[in-house]
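Structure first, then comments.
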Amino acid sequence: MGFGASSRDPAVVSGHPRGVEPNPRAIPPRVEDSDLLAGDVAVLWLFALTQKTASVALSSSFPGWLAPVAVNPASAASFLGESTWLIATWIAVNAVIGGYELDPLRLGKEEGEMREAVKGAAVAWGVWCVPAFGGLTWFEKATGLSPSFPVGVTLGTALGVMIAWRAFVKVVGLMGWWREGRVRSAKEEEDWSLLFQSLGGATAVAFAAAVADFVGSGGMDRGGMDAW
């Protein structure tokens, strides 16, 4: 051919150099990793349920754990609306950005790589916050139903939850940590360190969101939790 890469150039024969996206984004987005999708749904639903349980238990009107079970229609509707929106937007965002594709060169797809797993969860969370925040804020204003916790607290806490979940399913679960007498390698020690640092950062984000919501809702003037 005289110049440029020939058809027998190793870079061409192998398809593409590592780190370069080989194909344009599929339209509509491909959902190939159905196990990860199902896991995301389960984790987010349990997260929303845990939040609702905590908010009820912290309420001044909570009758105690031994009181007869009574379902508050408004509280149930709030939980259903909040959990449905959190799950639907997370799934939609991850599908659009390729979070459920199995191509190993996509963001966060390198199984066993802690940095990729954390990065994939963090990027998905960053994109997800926009529709999640907007939808939950609109839902509260349109229906008058109070969320389990302030929206900023919910989203900030979800960052840590999803980082931990993605790290487990993509990395920790593949390490064979249950084997007796198993010794961690130096790389695994680095992976654990990265995970704990990431969770520490997520905790800081959640704390900052809680402080911002508390101050923004007039908590300093209205007496603590009653502001929420």
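The values are calculated or read from the model by the stated rules, or taken from the named source; none is laboratory data. Everything quoted here is computed from the prediction, not taken from an experiment. No Cβ is skipped: glycine too gets one built from the backbone with ideal geometry, and neighbour counts run over all protein chains shown.
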Can Phe168 be described as at pLDDT 85 or above and either in a loop (DSSP other than H, G, I, E, B) or farther than 21 Å from Ser198 by Cα (or both)?
no
Collect the residues in the stretch 33-74 that are surrounded by 14 or more Cβ atoms within 10 Å (Cβ to Cβ), of a type outside the set (A, V, I, L, M), part of a helix (DSSP H, G or I) and in contact (Cβ under 8 Å) with a residue 60 or more places away in the chain, keeping them in residue-number order.
Gly39, Asp40, Phe47, Gln51, Lys52, Ser55
Checking Gly112 against (1) at pLDDT below 85; (2) under 19 Å from Val43 (Cα atoms); (3) not β-branched (Val, Ile, Thr), only one condition comes out false. Which one?
(2)
Give the number of residues within the stretch 115-157 that are touching a residue at least 24 places away in the same chain (Cβ under 8 Å) and either among the acidic types (Asp, Glu) or assigned to a helix (DSSP H, G or I) (or both).
26
